[in-house]
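Shown next, in structure tokens, is the structure this report addresses.
The values are calculated or read from the model by the stated rules, or taken from the named source; none is laboratory data. Since we're looking at a predicted model, the values are computed, not measured. When we count neighbours, we look across all protein chains shown, and the Cβ atoms used for this are built from the backbone with ideal geometry, even at glycine.
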């Protein structure tokens, strides 16, 4: 190559950049973003609900952005490691998907949490929600949630309930229920919902809040009993299951699990706004909604302001329950 060819090309490129109002070496304008593949960090293993949401939006989001979206699983510490990985990035091309825990309960449960939700997180989308169902051993002499409350109130030794771990949604939802209903509940942690279901079928456990899909299948077989759903309204996926608020006579009872997309605070506001719009547009697609519904999740695609409100509301709600129940993790 002639020694003057490369400098000449550089001068031409610099001139074009200046003509476009871009200083040589400056970051690309927001409307030029993304300029390389976008990294999507999921703080949970492959096959979990957050991972399924990430992979449901991945293809269409990549098409909308004009760059591949690469999913990376960074599990550990109940999702906190994935969130920490995201908030530490400053490349402008990384965002994350997580469950509600790392953004709402982790600051209470983990005294040395390495990130500050208020300072380090830029909300993007309330992506999907899922209620839980109150399930009992079929031998429990209660046909309705209201009868379950009365039965539990008459048991001074308490009622056993299972969860998938201390401080998880299944644990905290039952703690909320116990305080609202005035029932003494005895916590028994399990590895997962299949183990909880099996414990109820074998009559070793009396109750639990758990994901609807497996519970309803076992209820139809008569092996367990489903008494209500934890959301404020009946689920369109399970319209025959009454709300806990109505069925147990606990007005205002509402406890949902949710999955959110978020960016590090370092991401420029214009970039984050575009990413949020594209994510929410994908979540409104019928094929994506159907894919998530098949996994028991309702696609929401609500904007950053809605996610910020949900984080604030749930942080207050679950922080109060954690304090009242004296829950802590080392």
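Here's the yes/no breakdown for (1) part of a helix (DSSP H, G or I); (2) outside the structural domain of residue 210 (by TED's automatic domain parsing); (3) at pLDDT 95 or above; (4) surrounded by 15 or more Cβ atoms within 10 Å (Cβ to Cβ):
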site	(1), (2), (3), (4)
161	no, no, yes, yes
173	yes, no, yes, yes
176	yes, no, yes, yes
179	yes, no, yes, no
183	no, no, yes, yes
187	no, no, yes, yes
191	no, no, no, no
194	yes, no, no, no
Next item on the list: Would you mention how many residues in the stretch 196-231 are in contact (Cβ under 8 Å) with a residue 24 or more places away in the chain and either part of a loop (DSSP other than H, G, I, E, B) or closer than 16 Å to residue 181 by Cα (or both)?
Entry: 14
Check: Can residue 295 be described as in contact (Cβ under 8 Å) with a residue 12 or more places away in the chain, under 21 Å from residue 54 (Cβ atoms) and not in a helix (DSSP H, G or I)?
Finding: yes
Notebook entry, point to check: Checking residue 70 against (1) farther than 24 Å from residue 309 by Cβ; (2) surrounded by 18 or more Cβ atoms within 10 Å (Cβ to Cβ), which test does it fail?
Noted result: (2)
Next item on the list: Only residues that are at pLDDT 95 or above and under 20 Å from residue 129 (Cα atoms): list them for the stretch 61-78, please.
Entry: 61
Next item on the list: Please determine, by comparing only the residues of the stretch 142-159 that are touching a helix residue (DSSP H, G or I) at 6+ places or on another chain (Cβ under 9 Å) and part of a loop (DSSP other than H, G, I, E, B), which one is nearest to residue 318 (Cα to Cα).
Entry: 158
Notebook entry, point to check: What single numbered condition from (1) surrounded by fewer than 23 Cβ atoms within 10 Å (Cβ to Cβ); (2) closer than 25 Å to residue 175 by Cβ; (3) in the same structural domain as residue 292 (by TED's automatic domain parsing) fails to hold for residue 102?
Noted result: (1)
Notebook entry, point to check: What number goes with the only condition from (1) in contact with a helix residue (DSSP H, G or I) (Cβ under 7 Å, 6 or more places away or on another chain); (2) surrounded by fewer than 22 Cβ atoms within 10 Å (Cβ to Cβ); (3) at pLDDT 95 or above that residue 320 does not pass?
Noted result: (1)
Note to self: Checking residue 289 against (1) assigned by TED's automatic domain parsing to the domain that holds residue 83; (2) touching a residue at least 12 places away in the same chain (Cβ under 8 Å); (3) touching a strand residue (DSSP E or B) at 6+ places or on another chain (Cβ under 7 Å), only one condition comes out false. Which one?
What the structure shows: (2)
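Listed here are the residues, each with its yes/no results for (1) within 21 Å of residue 116 (Cβ to Cβ); (2) within 19 Å of the chain's Cα centre (by Cα); (3) at pLDDT below 95.
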residue	(1), (2), (3)
243	no, no, no
246	no, no, no
249	no, no, no
268	yes, no, no
277	no, yes, no
296	no, yes, yes
311	yes, yes, no
